[in-house]
1. Could we say that residue 144 is of a type outside the set (A, V, I, L, M, F, W, C), at pLDDT 85 or above and more than 30 Å from residue 16 (Cβ to Cβ) here?
2. If you scan segment 72-94, which residues turn out to be among the β-branched types (Val, Ile, Thr) and within 21 Å of residue 159 (Cα to Cα)?
3. Looking only at segment 85-125, how many residues end up being in contact (Cβ under 8 Å) with a residue 60 or more places away in the chain and surrounded by fewer than 18 Cβ atoms within 10 Å (Cβ to Cβ)?
4. Looking at segment 137-147 only, could you name the residues that are surrounded by 17 or more Cβ atoms within 10 Å (Cβ to Cβ), touching a Lys or Arg at 6+ places or on another chain (Cβ under 8 Å) and not aliphatic (A, V, I, L, M)?
5. Pairs, please: C-beta under 7 Å, at least 6 apart or cross-chain, first residue in contact (Cβ under 8 Å) with a residue 40 or more places away in the chain and in segment 1-23, second exposed (fewer than 11 other Cβ atoms within 10 Å of the Cβ)?
6. Would you call residue 169 modelled with pLDDT of 90 or more, surrounded by fewer than 17 Cβ atoms within 10 Å (Cβ to Cβ) and either in contact with a strand residue (DSSP E or B) (Cβ under 6 Å, 6 or more places away or on another chain) or of a type in the set (Lys, Arg) (or both)?
7. On the basis of being under 23 Å from residue 59 (Cα atoms), small (Gly, Ala, Ser) and surrounded by 17 or more Cβ atoms within 10 Å (Cβ to Cβ), does residue 150 make the cut?
8. Looking at segment 120-162, which of its residues are among the hydroxyl-bearing types (Ser, Thr, Tyr) and either in a loop (DSSP other than H, G, I, E, B) or in contact with a Gly (Cβ under 8 Å, 6 or more places away or on another chain) (or both)?
Amino acid sequence: MENLSEARITLLVAQEDIDQAIRAPNNDLLDDVVVLGFENVGKLMNAIRNVQYLYLCANTLEVLSLCCETMPVFNNLKSLTIKSDESRGWQAMPVLLRKCPHLETLVLEGLLHHVTDKCGDACDCVSREDKGRSLTSCPVNVLEIPRFRGTMKEMHMIKHFLEYFPCLKDIKICIMENDPSQLGVPEECQVIAEMELYEKLSSCNVQLLVSG
């Protein structure tokens, strides 16, 4: 797979496996079969380390938290897309971002995720001394956020990214026109006002878009 330029990794993982193999407080009780399967995911990531475009589903990102010590460096990666889910964690996000030394575009399909004490140096969910550390070493200059819902937690996350991504030049935030969670007029006006404030406080171009 050394010549592979694009990869999409979508794992189907049961909640029981997530609870036992990733979030279990005692790793000695892990199911050997489940762990072996997750180790193979680490081998897969090493095999595709030369890709330029990478897409990870929410399950895949959380499973990668078991492979952080062996995570390869993605020297050729230009664009990383991550689909988030409120039931899946971002534990691997800090290591993953630090392993992408030439990343240009980061697409986050959703900002809400299961909060753990290991995602805190990438997100704004947990207060810790090294908050934002993994972002400060990431060279990404374009951040895209499809399916934005306008919650306060999402707003705080965007502000966090503006503060800690040192090379960020453009943020493209997209509200889906036919999404059931689409913002109403008052909420949309508030979000626009917040975005304008963020843009004034930073050198980054912040765009709020509506897509059909």
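The values are calculated or read from the model by the stated rules, or taken from the named source; none is laboratory data. No experiment lies behind these values; they were computed from the predicted model shown. Cβ sites come from the backbone with ideal geometry, for glycine too, and all protein chains shown count toward neighbours.
1. Details: of a type outside the set (A, V, I, L, M, F, W, C): yes; at pLDDT 85 or above: yes; more than 30 Å from residue 16 (Cβ to Cβ): yes.
Yes: the conditions hold for residue 144.
2. Across segment 72-94, the qualifying residues are 81, 82.
3. Number satisfying all stated conditions: 2.
4. If the condition is that a residue be surrounded by 17 or more Cβ atoms within 10 Å (Cβ to Cβ), touching a Lys or Arg at 6+ places or on another chain (Cβ under 8 Å) and not aliphatic (A, V, I, L, M), then 138, 144 are the ones that fit.
5. none
6. Yes.
7. No, not satisfied.
8. 127, 137, 151
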